[in-house]
Amino acid sequence: MHELSIVTSVVESVTESLEDYPGARVQEVRLRVGVLSAVVVDSLEFCWGLATEGTPLEGSKLVVKMVPIVMHCAHCAADVELDGVQSFRCPRCDEPCSDLRQGRELEIESIEIEDGAASEAAAIQVE
Amino acid sequence: MTTRIVELRRGILKKNDELAASLRRRYTSAGVFVLNLVSSPGTGKTAFLERTLRELLGQGARAAALVGDLETDNDARRLAASGAPVRQINTHGICHLDAEMIAKHIEGWDGVTLSGLDYLFIENVGNLVCPSSYDLGEAVRVALLSVTEGEDKPLKYPTLFNSADAAVITKMDIAEACGFDREQALKSLNEIRPGIRIFETSAKTGAGMSEWLAFLVEAREKRESLA
C-alpha cells in the first residue's frame with residue numbers, strides 16, 4: 001500500500017508545474033499506469049480526494065489510463081503485447097520473453113487546467 | 001475562463017529515480033557492488049544475509065548491510081553477529097525503502113565509506129508489492145522465496161518477481177518436510193522471469209551458498225569491468 005505516497009508525488013509534481021500558470025485551477029489529471037507498476041488504481045482514486053485537499057488540485061478528477069505489457073520477442077523479432085501477467089511468453093510463438101519494452105510506466109501524461117485571472121491577464125498583455 | 005490541456009509526460013517517481021541514478025553512479029565510482037534483497041516477511045532474508053556476510057568476510061571481502069524494517073533494530077543486531085558493519089533503517093510504517101532513505105543512511109555511518117566496501121547489501125522491508133516501484137540504485141535486485149511459501153508465489157506477485165535479476169529459494173533443508181514441489185517453483189519463476197538465475201539455498205546447512213557466493217564475485221567483477 002504505497003498508493004498514498006504515489007498520489008502525494010503526483011500532487012507535488014503537478015503543483016510545481018502550475019508555477020507557469022498562475023491562478024490556474026486543475027480540472028483533470030491524466031496518468032499512465034503500467035500493468036506491471038505495482039499500483040492499484042482503486043487505491044489511487046481512494047486517496048485522491050484526501051491528498052488534493054487544500055491544494056490547487058482540489059476538486060479535480062483523476063483519470064488513469066492503463067498501459068499494457070509489451071515484450072520484445074527475439075524469436076519473432078517483434079514487439080508483442082501480453083494479455084496478462086501470469087506468463088511472460090510470446091502470444092504468437094509461445095517462446096519465453098524477458099525483454100520488457102512497456103508496462104512499468106508510472107507517469108503524469110497531462111493536466112487539464114482552467115486559466116486563472118492572472119494568467120489570462122498575462123496572455124492579453126502578450127497579445 | 002479558458003480550459004486547456006498541458007502535456008507533462010513526467011515520471012511520478014522522478015525524484016526517486018533521479019536520486020537512485022545518482023546513487024548508482026556513486027556506487028560505481030566507489031567500486032561497491034550493491035544488491036537489493038526483497039521478499040515477504042518471514043522468508044529468511046536475515047538468516048540468508050547473515051550467512052552471506054559471514055562467508056564473504058571469511059573470504060577476505062569487505063561487505064556491509066543496510067536493513068529496513070518498520071520498527072526495531074533486531075535484524076541489525078542479528079546481522080552484526082556476522083562481524084560486518086550493519087545499519088538499521090526504521091521506516092516507521094512505510095512499506096518499502098526508497099532512494100532517499102538509502103542516501104541518508106550511507107552518510108555518517110561509523111567509519112563505513114562506500115569506497116571501503118566491495119559489497120553493500122540492502123535488506124528491504126518484508127513486502128512483495130511496494131519495493132518493486134522504488135529503485136535504490138542497486139546493481140542486482142534479488143527476490144527471495146522460501147519453501148514454506150508456496151510454489152506459485154511468483155505467479156501471485158508477478159510485478160516484483162518480473163523486476164528481479166536473480167532469485168533465491170531459502171530453507172531448502174526443510175523442503176521435503178513441507179512437501180515443496182521444486183519443479184513447480186522453478187517453473188513459476190521461469191514463467192514470470194524467463195531465464196532468471198535461481199539459487200536453492202539453506203542458511204542453516206550452507207547448501208547452495210557456494211554457488212551464490214561465486215555468482216556475487218562473478219557479477220561484481222563483470223560490473224567492475226564495465227565501469
With each run of n ≥ 4 DSSP H residues scored as -39500 (n - 2.57), what mean residue ellipticity at 222 nm is computed for chain A after dividing by its residue count and rounding to the nearest 500 deg cm²/dmol? -9000 deg cm²/dmol
Taking square-rooted eigenvalues a ≥ b ≥ c of the alpha carbon gyration tensor, is chain B rounded, prolate or oblate, where a/c under 1.5 means rounded and, failing that, a/b exceeding b/c means prolate? oblate
Residues whose placed amide H lies under 5 Å from that of residue B:109, excluding near-sequence neighbours: none
Computed over the protein assembly as shown, Kirkwood Rh from alpha-carbon pairs, angstrom: 22.1 Å
Per DSSP, loop trypsin sites (Lys or Arg not before Pro) in the range B:133-208 with at most 12 further Cβ within 10 Å: none
In nm, spacing of pseudo-spin labels at residue B:214 and residue B:18 (7 Å Cα→C-beta vector): 4.4 nm
Once you sort the root eigenvalues of the Cα gyration tensor of the range B:1-136 as a ≥ b ≥ c, which label holds: rounded (a/c under 1.5), prolate (a/b larger than b/c) or oblate (the other case)? prolate
Table column - 3J(HN,Hα) (Hz), the range B:194-205, Karplus curve with 6.51, -1.76, 1.60, x for Gly and Pro: x, x, 4, 6, 10, 10, 9, 10, 9, 5, 6, 8
When DSSP assigns beta bridges and you keep just the ones with both residues in the protein assembly as shown, what percent turn out antiparallel, to the nearest 5? 40 percent
As I understand it, the value is the acute angle between the Cα axis of helix A:41-52 and the longest principal axis of the Cα atoms of chain A; what does it come to in degrees, rounded to 10? 20 degrees
Restrict the search to the range A:34-101; then list the trypsin sites (Lys or Arg not before Pro) that DSSP places in a loop and that have at most 16 other Cβ atoms within 10 Å of their Cβ. A:92
Say each of residue B:184 and residue A:45 gets a label point 7 Å from the Cα, pointing the same way as Cα to Cβ; how far apart are those two points in nm? 3.5 nm
Contact order normalised by length for the range B:15-221, with contacts defined as Cα pairs under 8 Å and 6 or more residues apart; what percent is it? 24 percent
Which far-off residues, 5 or more places away or on another chain, put their amide H under 5 Å from the one on residue A:89, with H placed in the peptide plane? A:97
Mind pulling the angle between the C-alpha long axis of helix A:3-17 and the longest principal axis of chain A? Nearest 10 degrees, somewhere in 0 to 90. 50 degrees
Can you pick out the pairs among A:61/B:15; B:15/B:171; B:104/B:156 whose Cα atoms lie more than 28 Å from each other? B:15/B:171; B:104/B:156
So if I take the centroid of the Cα atoms in the range B:44-111 and the same for the range A:25-77, what is the distance between those two points in Å? 33 Å
I'd like the Karplus ³J(HN,Hα) series for the range B:65-76: coefficients 6.51, -1.76, 1.60, θ = phi - 60°, whole numbers in Hz, and an x wherever there's a Gly or Pro. 9, 10, 10, x, 8, 4, 9, 6, 10, 4, 5, 4
Measure nothing fancy, just the Cα-based angle from helix A:117-126's long axis to the longest principal axis of chain A, in degrees from 0 to 90, nearest 10. 90 degrees
Are there any helices in chain B, counted as whole DSSP H runs, that stretch 15 Å or more along their axis by Cα and score at least -1.0 on average by Kyte-Doolittle, and if so which? B:45-58, B:182-192, B:209-226
The answer for residue B:144, listing residues at least 5 apart or on another chain whose modeled amide H is closer than 5 Å to its amide H, is B:38, B:39, B:168
How about the range B:82-137: which GluC sites (Glu not before Pro) there lie in a loop by DSSP and see at most 16 other Cβ atoms within 10 Å? B:107
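FYI, it's all coordinate maths here, none of it is from the lab. Small disclaimer: the values here were computed from a predicted structure and weren't measured. Neighbour counts are summed over all protein chains in view; Cβ atoms, including those assigned to glycine, are modelled from backbone coordinates with ideal geometry.
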